[in-house]
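Input: a single structure, listed below in structure tokens.
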Amino acid sequence: MAENKPDIKRELLNKDAPIGVFDSGVGGLTVVREIMRQIPNERIIYFGDTARVPYGSKSRETVTRFSGQIVRFLNTFQVKTIVVACNTASAYALDVLEKESDIPMIGVVKPGARVAAEVTKNGRIGLIATEATVGSRIYPKYIQELKKNVTIYQKACPLFVPLVEEGLLEDPVTDEIARRYLTELIDIDIDTLILGCTHYPLIRSTLRKIMGEGVTLVNPAYETARELKELLAGYDLLCEEPPALGGNRYQFYVSDKAEKFVSFANSIIKYGILSAKSIHIDAY
Ligand code: DGL
């Protein structure tokens, strides 16, 4: 992987530097959780754009502008890499961000597409995602590059993000909405369903109940963390030692409502998150 990126300025990169991760809100925490599990020595700076969520109903230009501001903010920490833990930003902005970046970046779409192409047996893959990700057709493009004779059935589920941001993870309302969205996918006999928005793994049990055991649910977070580890190893940037005690191993920033974010984050991440800081992302 490193060989494909000869323009990376290696002198800027430092093993002990943190990894930057961002999303429109809390969804990227599903990716952070995997990074913490798979490469526990790493420091992480997370940014959730809680003031401007959702991204999935916004235009490519807006999502690209927001993502650019966040990348500039994360770069103030001299991060060694940035994980775009948002499918919408990966679909709309990653290409542009990578071109302008001096450090390696990784999104969640390619890793998710790779897993789906690998696990499907009947070649019928469902994708649930935001309107933006579905409209970009980026998943069908990547999957069909990897595997011939595969059909991808896309379904935008715009209400899932606000439900998750409100913490309605197991709730009759979420159940009812999920049933309405998913019925058409059940009827067409898919054997694989990509959770193509990083918020969706948080309602996995609802999705599982509705889709049944016969459908493999693909959460791109696991594969993203695995590919991140490979990417860092490729640049010889993996942290070998845990950071010194007392250091700020994980830092969380948001653009609004830091307290609400902290209580949510603590409900899904086992590491005790004491605080998050609210910043003016428009200043970047
Ligand atoms: N979690 C994001 C994604 O993976 C964005 C959801 C949104 O803000 O609409 O697409």
Residue 204 fails exactly one of (1) basic (Lys, Arg); (2) under 22 Å from residue 136 (Cα atoms); (3) assigned to a helix (DSSP H, G or I), namely (2)
Going by the conditions given, is residue 21 more than 14 Å from the ligand (Cβ to nearest atom) and either buried (at least 24 other Cβ atoms within 10 Å of the Cβ) or part of a helix (DSSP H, G or I) (or both)?
no
Log entry, pairs with first residue in region 33-62 being assigned to a helix (DSSP H, G or I), second being within 13 Å of the ligand (Cβ to nearest atom) and of a type in the set (S, T, N, Q), beta carbons closer than 9 Å, six or more apart or on different chains, reads 34/219; 34/224; 35/224; 60/136
- [ ] Please indicate, with yes or no, whether at least one residue in region 57-78 is within 14 Å of the ligand (Cβ to nearest atom), surrounded by fewer than 20 Cβ atoms within 10 Å (Cβ to Cβ) and over 19 Å from residue 255 (Cα atoms).
- [x] yes
Note to self: Among the residues in region 28-39, are any over 22 Å from residue 236 (Cα atoms), more than 11 Å from the ligand (Cβ to nearest atom) and buried (at least 17 other Cβ atoms within 10 Å of the Cβ)?
What the structure shows: yes
In region 248-284, anything in contact (Cβ under 8 Å) with a residue 40 or more places away in the chain, part of a strand (DSSP E or B) and not hydroxyl-bearing (Ser, Thr, Tyr) is listed as 251, 252, 254
Scanning region 101-160 residue by residue, those among the charged types (D, E, K, R) and either buried (at least 24 other Cβ atoms within 10 Å of the Cβ) or within 13 Å of residue 89 (Cα to Cα) (or both) turn out to be 110, 131
- Within region 168-185, identify whether any single residue is closer than 20 Å to residue 224 by Cβ and in contact with a strand residue (DSSP E or B) (Cβ under 6 Å, 6 or more places away or on another chain), and answer yes or no. no
Screening 165, 240 for residues that are charged (D, E, K, R) and either surrounded by fewer than 20 Cβ atoms within 10 Å (Cβ to Cβ) or over 30 Å from residue 44 (Cβ atoms) (or both) leaves only 240
It is to be established whether one or more residues within region 81-99 are away from the ligand (no atom under 16 Å from the Cβ), in contact with a Phe, Trp or Tyr (Cβ under 7 Å, 6 or more places away or on another chain) and either modelled with pLDDT under 95 or closer than 21 Å to residue 238 by Cβ (or both).
no
Filtering helices (runs of 4 or more DSSP H) wholly in region 115-190 for at least 3 residues that are in contact with a helix residue (DSSP H, G or I) (Cβ under 8 Å, 6 or more places away or on another chain) and of a type outside the set (S, T, N, Q) gives 138-146, 160-165, 172-187
Residue count, region 101-114, condition in a loop (DSSP other than H, G, I, E, B) and either polar (S, T, N, Q) or within 15 Å of the ligand (Cβ to nearest atom) (or both), comes to 2
Just one listed residue, out of 79, 108, is of a type in the set (A, V, I, L, M) and touching a Cys at 6+ places or on another chain (Cβ under 8 Å), and it is 108
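The values are calculated or read from the model by the stated rules, or taken from the named source; none is laboratory data. Nothing here was measured: the structure is a model prediction, and the numbers come from that model. Heads up, the Cβs are rebuilt from the backbone with ideal geometry, glycines too, and the neighbour counts pull from every protein chain shown.
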